[in-house]
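Worksheet for the structure shown next.
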Amino acid sequence: MRDAAEGQQEHIETLPLFSTTDKGGRMTVLRPGRRVGRTAPLLPWLLAAAALWALTGSVPFGALLGLAPTPAISMLLGHPVTVGVAVVLLFVAIGATIGVYSQAIEQFGQTRVAGLFARLAVTGGLAVSAGVLLLWTLTSDPSRSFDFEAIATSPTIPLEFGAVVGAGLALWAAIALLRLLGSIAHARRRQADIERLRVEGSSFTGTLTAVNFTNSWLFNFPVFTVEVGYIVDGAPRVVSAHMRTSADRVPVVGSRMLVLIDDGGTSHVELDPSNGATFEPDVGKYAAPDG
């Protein structure tokens, strides 16, 4: 939990976040001094969170949805002590999933990737739990017929219903995995561009000339479009970008910026770290509405 809190704090310190190419959850940051994100450090967090969700999910799947190999195991999974343990594990699983999210933010600097990692942990763990119980149940009674009509005709919750729920979670997990792979590749490309521009790109001092609120928020972070003016060989130029920030870190017009550009036209803008930024003093002006 401490690592998760530190990761969240680092995320806040990167704000405001600018992107000349992406918007919303695809906006990507690379903190100065950090390397392009890697998946390997996240795998222990992901597997641990998925395992916790699998253990937690065994109680509702086994006791409520009919995925238990024997009546005795079904009674055990429905016992008050077992349910109490599952509730405790649920809170631990939620904490581990928050850790996955925070670690993904730290590695890849993108909320889309972080959200997909968290979703994969939840759906993957629950799908594994359902799959293991279903396989165990079917192998314990090979003569037991598998009939989807039982979902509509059975007076109790049948095995088939639990199987359908588990299959739905497995499909959701597979979709999350496929989307995650593409999102990781995208985030790494953006981080590699930022890293390369900081080392090899042409750097110009710019000024924030326009800050336009889009009247939208990503979570509780207000979203803006901005314009940054800078001069190249005596000629004024302007670059547009999307900006996401917190309500108390909205830079005002006139703030000093850095504009990084390469010969291929790839660009990146960020607040000039050598110059103290001035933020909107009315911290409630862009706060997300309640509800």
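The values are calculated or read from the model by the stated rules, or taken from the named source; none is laboratory data. Computed from a predicted structure; not experimentally measured. Neighbour counts are summed over all protein chains in view; Cβ atoms, including those assigned to glycine, are modelled from backbone coordinates with ideal geometry.
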Legend entry - Matching residues in region 259-272 - criterion: being in a loop (DSSP other than H, G, I, E, B) and within 27 Å of the chain's Cα centre (by Cα): Thr266
Legend entry - Checklist (1) of a type outside the set (Gly, Ala, Ser); (2) part of a strand (DSSP E or B); (3) surrounded by fewer than 20 Cβ atoms within 10 Å (Cβ to Cβ) applied to Val253, failing item: (2)
Inset, instruction - Could you please give the count of residues in region 217-229 that are surrounded by fewer than 13 Cβ atoms within 10 Å (Cβ to Cβ) and in a strand (DSSP E or B)? - result: 0
Legend entry - Checking Ala187 against (1) loosely packed, with under 14 Cβ neighbours inside 10 Å; (2) in contact (Cβ under 8 Å) with a residue 12 or more places away in the chain; (3) within 22 Å of the chain's Cα centre (by Cα), the condition it does not meet: (1)
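The rows are residues; the columns are (1) modelled with pLDDT under 95; (2) at negative phi; (3) surrounded by 14 or more Cβ atoms within 10 Å (Cβ to Cβ).
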site	(1), (2), (3)
Ser183	no, yes, yes
Leu197	yes, yes, yes
Phe204	yes, yes, yes
Thr214	yes, yes, no
Ile231	yes, yes, no
Ala235	yes, yes, no
Ala247	yes, yes, yes
Ser267	yes, yes, yes
Inset, instruction - Taking Ile98 as the residue in question, decide whether it is surrounded by fewer than 23 Cβ atoms within 10 Å (Cβ to Cβ) and within 13 Å of the chain's Cα centre (by Cα). - result: yes
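Condition check ((1) surrounded by fewer than 24 Cβ atoms within 10 Å (Cβ to Cβ); (2) free of Cβ contacts under 8 Å to residues at least 12 places away in the same chain) across all residues:
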| residue | (1), (2) |
| --- | --- |
| Ala49 | no, no |
| Gly66 | yes, no |
| Val81 | yes, yes |
| Val87 | yes, yes |
| Ala93 | no, no |
| Glu106 | yes, no |
| Gln110 | no, no |
| Ala114 | no, no |
| Ser129 | no, no |
Inset, instruction - Examine region 153-169 for a residue that is within 24 Å of Gly25 (Cβ to Cβ) and crowded, with 16+ Cβ neighbours inside 10 Å, and state whether such a residue exists. - result: yes
Inset, instruction - Examine region 97-110 for a residue that is more than 22 Å from Gly25 (Cβ to Cβ) and assigned to a helix (DSSP H, G or I), and state whether such a residue exists. - result: no
